[in-house]
């Protein structure tokens, strides 16, 4: 089994390097750092140059992007210089870390075979291979997400305050990478009570661990803006974009174009409402980012008040669509072929554990609730498989159960 695991780990790294360096840089002649991205590289380069935590020299320090991924890039820049080939290599290695964590989680929940199959699925998952080539948070977020799930499953099953502490630290680090799991306790704790899992000291230590990790960032944001910003001032804006995309998700349109148009309209509304007479104030201080987010919040609430039933209906439709919905029409068939079987395997695996292996299901309950939380959250906020992808990777632990049955049957 160890030999097979080593093979899977090496294959994960080689697949990511082949795609990043061989296909993207070699065959397509594309440098990901030159492509449109979310600005994390600009922040890291600004920090490396001693210009502070900002996306543009003329803009104030930003509170729009959380710091974990820029700091990851900064660490590489300090050692190797501003070299994005090194970033892609490091992200390929992080892919192997995610693969190993999937193995640990599957082995803990059920068996080494389950862990190995889950690891193989993570290694070969096409979006994970693609993200390793790009300048985006997923390569860092996947291992943090899986590590949080692993320690959380163990903390709940063993009632361990020490493991709860570790899960909280990782949860906090994950929030500083992407804020999706901020409201996780709202679903996790009632869900665990429903599954008759034990709540104990691990709850307090997990919360304290997350607070400790988040505190320096929260204090920094408060000093800059006078507002409580636990992750970033970029939550209502993507929610507004997601509402626009969800209105068109069944039409076959290019949702990337819809998203860009929503961005343009939102920016115009910000300027009209906040700076009608002096546009130079748009980025006068970090506080302006909070005001921009306030306009995005108002736009979302206006949309919801105008059509609450429509928003709920689109969210319900988005629950399955979130697993495979992509922005580009030409990739939707491929995404369906990849993600629909994985969704069905996940459901089959979770049902099997619940009905036939209740002890394993109890150990897996926190991981299951994390998958469900992300699915429900994204279905109503932005039904898009990229944002669902961390939970899809975690779902491989459940998908490995029926696949393991098929392997035993064939053997």
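Figures for the structure shown
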item	result
Residues within the stretch 123-149 that are farther than 18 Å from residue 206 by Cα and over 11 Å from the mean Cα position of the chain (by Cα), tallied	13
Positions within the stretch 235-254 being under 13 Å from residue 314 (Cβ atoms), touching a residue at least 12 places away in the same chain (Cβ under 8 Å) and part of a helix (DSSP H, G or I), in sequence order	239, 242, 243, 244, 245, 246, 247
The stretch 365-388 residues that are free of Cβ contacts under 8 Å to residues at least 60 places away in the same chain, paired with ones that are crowded, with 21+ Cβ neighbours inside 10 Å and not in a helix (DSSP H, G or I) (beta carbon under 8 Å, 6 or more apart)	375/322; 375/323
Enumeration of residues in the stretch 308-331 that are in contact (Cβ under 8 Å) with a residue 24 or more places away in the chain, within 20 Å of the chain's Cα centre (by Cα) and farther than 19 Å from residue 129 by Cβ	315, 318, 319, 321, 322, 325
Options 314, 266: the member that is closer than 25 Å to residue 63 by Cα and touching a helix residue (DSSP H, G or I) at 6+ places or on another chain (Cβ under 8 Å)	266
Condition check for residue 180: out of contact with any strand residue (DSSP E or B) (no Cβ under 6 Å at 6 or more places or on another chain), at pLDDT below 95 and crowded, with 20+ Cβ neighbours inside 10 Å	yes
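Residue-wise test of (1) in contact with a helix residue (DSSP H, G or I) (Cβ under 6 Å, 6 or more places away or on another chain); (2) surrounded by fewer than 17 Cβ atoms within 10 Å (Cβ to Cβ); (3) not in a helix (DSSP H, G or I).
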| position | (1), (2), (3) |
| --- | --- |
| 122 | yes, no, no |
| 135 | yes, no, yes |
| 157 | yes, no, no |
| 168 | yes, no, no |
| 174 | yes, no, no |
| 193 | no, yes, no |
| 196 | no, yes, yes |
| 206 | yes, no, no |
| 213 | yes, no, no |
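To keep it simple, each residue is scored yes or no on (1) touching a residue at least 60 places away in the same chain (Cβ under 8 Å); (2) surrounded by fewer than 18 Cβ atoms within 10 Å (Cβ to Cβ); (3) part of a helix (DSSP H, G or I).
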{"residue": "70", "(1), (2), (3)": "no, no, yes"}
{"residue": "78", "(1), (2), (3)": "no, yes, yes"}
{"residue": "82", "(1), (2), (3)": "no, yes, no"}
{"residue": "89", "(1), (2), (3)": "yes, no, yes"}
{"residue": "94", "(1), (2), (3)": "no, no, yes"}
{"residue": "98", "(1), (2), (3)": "yes, no, yes"}
{"residue": "103", "(1), (2), (3)": "yes, no, yes"}
{"residue": "106", "(1), (2), (3)": "yes, no, yes"}
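The values are calculated or read from the model by the stated rules, or taken from the named source; none is laboratory data. In this text, all values refer to a predicted model and were calculated from it rather than measured experimentally. Here the Cβ is made from the backbone with ideal geometry for all residues, glycine too, and neighbour counts use every protein chain on show.
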